[in-house]
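Visitor: Sharing a structure below in structure tokens format, with a few things to ask.
The values are calculated or read from the model by the stated rules, or taken from the named source; none is laboratory data. Every value quoted in this text rests on a predicted model; they were computed, and no experiment measured them. When we count neighbours, we look across all protein chains shown, and the Cβ atoms used for this are built from the backbone with ideal geometry, even at glycine.
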Amino acid sequence: MQLIESTFNNFRCFKEYPIKYGIQTTVFIGKNGTGKSSVLSGIRRGLSFMFASPNNFSKNLAISNNAKVKSFGKLEANFDTISRIYGYPIQNDFKGSFNNEPVNWSLVKKTMNGGLTTTLYNDALNTVLRYYNDNLIGKLPVIAVFADSFPHQKFNFGTKVKKIIAQDMLPRDLGYYGWDERTNCIDLWLTRFYKVANYTKDLKNEMEQVDEQLFFYQKRIDWKDEHDEHQVPEWENKIEGLEKKLSDLNSKLNSLKSDKRNLIFAKERNFIENKLMKFTKPISVEYNFINKEFELYRIAVTRPPDMKNYTLEFSFNDGRVIAFETLPMGYKRIFSLVIDLAYRSYILNEDSESDGIVLIDEIELHLHPTLQQEILQRLQITFPFIQFIVTTHSPLVISNFKADKKNKIIKLEHDGNNYWNEDVENVFGLDYSTNLSEIMEVSPRSSTIDKYINAYLFLFGKNKLEEAEKMLDKLKDYLGGTIPTLLQNEIDNQKKSYR
């Protein structure tokens, strides 16, 4: 599935706002208030049409999850500041493709208190559900949204999904559980991973516990005295129940070892592990020293001493071993994101590579500059058929991004209530300062510092040394009394051209 074009009409800050997306990756840049979050929200609402539940199909994509069609809030219509009236109807139009077939749909809300006009997305919905009902093992697209709050906000999972995730075989539409929530599902996926990674180990642990209980009750019978006679029948019943439980667990363990479930669990575990390992591998063999410490060599499920719960343990090439709960926040966010996408992909399509659409707000959050430069490439390599639509405030994210027919950088602008966007030409290879000043429209450093330096150099070049020194003193005062060594070296190097 791909998103090709959209037009937001009377939605939030947009009166009429067309966008043409890169079919592989789209990066939105722009100052705060230019509409980046509104664009992602509009796309998120648009994609939710897939989770309607019409009566003309026996199966839909919202049976085992909490997904549903998302309408618009009462105050999400465009607000006219002169008339002070919310403009209706809201109409967001979309053009895309599903299973290589063109699909067009609209989400329309005609009045503030009205609902969505379902007839305007029915054709696209029928295309999706007809394919799903006719091809129950055909590929389904991954759809996911990662807000700027991910993964900080935890999700309160209901009893229904907890029971489902504990099953040996998962329903395919579970891959859409919580797909558009601001909260995250990482605990759900980790619970599942712990199950498939340690299923036989859990059974063996449970069998050991039952053995301990059997030993306890047998010893109580062996050591009974006349005061315990009345309790013996109860203890014998306990022993009988525990022996049956132990027999059942042993049969279950033998069954797991002898049937294909063990292989199925291993395939699931390997898929998730391989995605994480691939994500952390160096992008370039030639420059593998960049972010070398980021590469994993092992992922293990462990249960620390004196702890009841399992944890995911990451072993890095530089010798560090870190539990998931104590990962640096930058690592934790992107590892959570990869695990989430990997699990959605596996549940939907097993070990086949999935296509789909993934939205990520502020993709650079918590990342060191070297990882900011690589994050998009790593995602593209790990999930090669997924269309990523992301926002960023970082010039480093776009400095290492090759814009072409499939990959676009779109700059969002506004002048008062007039909002527009424009494609940015390929900036791959431009240095940080150029991207910062020319594309992001930010001065690399304070304009006051530049003014003092330029004035000093001008006076120095005119041989007005006394006045030049006074200007240098003003720069020192502005900087708190001293000029940093690196800045002084920069000034000295520039002075050479004035002699």
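Visitor: Take the conditions within 24 Å of Y177 (Cα to Cα), over 29 Å from the mean Cα position of the chain (by Cα), among the charged types (D, E, K, R) and assigned by TED's automatic domain parsing to the domain that holds D355 and apply them to D80. Does it pass?
Guide: When the stated conditions are applied, D80 does not pass them.
Visitor: Restricting to the stretch 402-421, give me the number of residues that are within 14 Å of L376 (Cα to Cα) and out of contact with any Phe, Trp or Tyr (no Cβ under 9 Å at 6 or more places or on another chain).
Guide: Number satisfying all stated conditions: 1.
Visitor: I need the full set of residues from the stretch 66-78 which are crowded, with 16+ Cβ neighbours inside 10 Å and over 30 Å from E353 (Cβ atoms), in order please.
Guide: Once the filter is applied, which keeps residues that are crowded, with 16+ Cβ neighbours inside 10 Å and over 30 Å from E353 (Cβ atoms), the stretch 66-78 yields F72, E76, A77, N78.
Visitor: Something else: Does L140 count as surrounded by 18 or more Cβ atoms within 10 Å (Cβ to Cβ), modelled with pLDDT of 90 or more, touching a Leu at 6+ places or on another chain (Cβ under 8 Å) and in a helix (DSSP H, G or I)?
Guide: Answer is no for this residue.
Visitor: For residues in the stretch 451-499 being of a type in the set (K, R) and assigned to a helix (DSSP H, G or I), which is modelled with the lowest pLDDT?
Guide: It comes out as K496.
Visitor: Okay, moving on. If a residue must be closer than 24 Å to S345 by Cα and more than 18 Å from the chain's Cα centre (by Cα), how many such residues does the stretch 6-41 contain?
Guide: 3
Visitor: When the stretch 274-296 is examined, which residues are found to be modelled with pLDDT under 95 and in a helix (DSSP H, G or I)?
Guide: Once the filter is applied, which keeps residues that are modelled with pLDDT under 95 and in a helix (DSSP H, G or I), the stretch 274-296 yields K292, E293, F294.
Visitor: Going by the structure shown, is T200 β-branched (V, I, T) and either assigned by TED's automatic domain parsing to the domain that holds K59 or modelled with pLDDT under 90 (or both)?
Guide: Answer is yes for this residue.
Residues are listed down the side, and each one gets a yes or a no for (1) surrounded by 14 or more Cβ atoms within 10 Å (Cβ to Cβ); (2) more than 15 Å from the chain's Cα centre (by Cα):
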site	(1), (2)
P304	no, yes
T311	yes, yes
F314	yes, yes
L327	yes, yes
G330	yes, no
L348	yes, yes
D351	no, yes
E362	yes, no
L365	yes, no
